[in-house]
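What follows is a short report on a single structure.
The values are calculated or read from the model by the stated rules, or taken from the named source; none is laboratory data. As the structure is a prediction and not an experimental result, all values here were calculated from the model. All Cβ positions, even for glycine, are placed from backbone atoms using ideal geometry, and neighbour counts span all protein chains on display.
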Amino acid sequence: MSYFDRVSEAAEWLRGRGYGGADVGVVLGSGLGDFADGLADALAVPYHDIPHWPAAAVIGHAGRLVGGTVRGKRVLALSGRAHFYEGHPLTTVAFAARVLGTLRVPHLVLTNAAGGINTKFSTGALMIIDDHINLLGSNPLVGGNDERFGVRFPDMSEVYSRRLRAIADRAADAIGLQVEHGVYVAVHGPSYETPAEIRAFRTLGADAVGMSTVPEAIVARHMGVEVLGISCITNMAAGVLPLPLHHDEVMETTRRIRGQFIALLEAVIERL
Ligand code: HPA
């Protein structure tokens, strides 16, 4: 079965169970899955029930899709995502975004945990992604192009919608939250970066570094979905502070700021 057919089957399966017609999709980054618990009229499905969806082993235990309502908007929230560092092709990593695009979800909010490269940032800050640099060494569109998804050479001059970034700024203002803006660089991982790499990325114009988001953003744009990206700066990147990096710090920071993060997401969704 072709990739297009697998994506279509997953989308049809979800449509048949009442997950069609959503106003926005939200991909929840590491430690940010709680947002899905606050949805009204929530209807959850574990990833392993959805045909062709990347296996739970790839994603971690909490993999589930939750449909529900936030401030009158129908939301599909994805708690848990596949990462490139797990060894899977980028087409697998981007499968969920393909399915949301096939379901004609008009807006996709991609969230992640990221290391702060910009020394003006502090741990716990939220950064609206203005643009990205793809250092994954590959692209989810590599291989034969299926024109039913989009064109062979899609434009990437505004991956993160200017309109949605302005909405995010207004939403942050309305709830009295200060947000940062910047460029997200995606790396393969799973090792964290060296201080020399972080200095290099700073020179390249990056403000934050992480191991996700870019594959989903590229396929979403390929399909004409409007994208917003929000990074939680869970730690300062390697060498910024004289401290080793540890995944526990990433989880601890997301725990600390999840209230603000959820408030921002809800305020954004209200304004879509
Ligand atoms: N580097 C890469 N990915 C990350 C980091 C980091 O410092 N923090 C959270 N995700």
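Here are some notes:
- Complete set of residues in the stretch 182-198 that are closer than 15 Å to G239 by Cβ, crowded, with 16+ Cβ neighbours inside 10 Å and not hydrophobic (A, V, I, L, M, F, W, C): Y192, E193, E197
- When T111, T119 are checked against the criterion of being in contact with a strand residue (DSSP E or B) (Cβ under 7 Å, 6 or more places away or on another chain) and among the hydroxyl-bearing types (S, T, Y), a single residue qualifies: T111.
- Residue within the stretch 201-223 that is surrounded by fewer than 24 Cβ atoms within 10 Å (Cβ to Cβ), over 23 Å from G80 (Cα atoms), more than 14 Å from the chain's Cα centre (by Cα) and free of Cβ contacts under 8 Å to residues at least 60 places away in the same chain present: yes
- Checking the stated criteria, L135 turns out to be more than 22 Å from V225 (Cα to Cα) and either within 13 Å of the ligand (Cβ to nearest atom) or in contact (Cβ under 8 Å) with a residue 12 or more places away in the chain (or both).
- Inspection of the stretch 227-247 identifies at least one residue that is hydroxyl-bearing (S, T, Y) and touching a helix residue (DSSP H, G or I) at 6+ places or on another chain (Cβ under 6 Å).
- When restricted to residues that are away from the ligand (no atom under 13 Å from the Cβ) and either farther than 18 Å from I262 by Cβ or among the hydrophobic types (A, V, I, L, M, F, W, C) (or both), the stretch 102-132 contains 17.
- Hits in the stretch 82-101 - residues which are more than 15 Å from the ligand (Cβ to nearest atom) and either among the basic types (K, R) or surrounded by fewer than 20 Cβ atoms within 10 Å (Cβ to Cβ) (or both): G87, H88, P89, T91, R98
- Of L14, L65, all but one fail to be part of a helix (DSSP H, G or I) and crowded, with 22+ Cβ neighbours inside 10 Å; the exception is L14.
- Of note, E270 satisfies the criterion of being modelled with pLDDT of 95 or more, over 16 Å from the mean Cα position of the chain (by Cα) and farther than 13 Å from S30 by Cβ.
- In the stretch 248-263, the residues that are more than 17 Å from M127 (Cβ to Cβ) form Cβ pairs under 9 Å with partners that are modelled with pLDDT under 90 and hydroxyl-bearing (S, T, Y), at six or more places apart or across chains, as follows: M251/S30.
- Inspection of the stretch 139-147 identifies at least one residue that is β-branched (V, I, T), away from the ligand (no atom under 12 Å from the Cβ) and in a loop (DSSP other than H, G, I, E, B).
- When the helices (runs of 4 or more DSSP H) confined to the stretch 157-272 are screened for residues that are under 16 Å from L136 (Cβ atoms) and more than 16 Å from the ligand (Cβ to nearest atom), those reaching at least 3 such residues are found at 214-222.
- Lone unmet requirement of (1) part of a strand (DSSP E or B); (2) in contact with a helix residue (DSSP H, G or I) (Cβ under 9 Å, 6 or more places away or on another chain); (3) closer than 23 Å to L228 by Cβ; (4) not small (G, A, S) for F35: (1)
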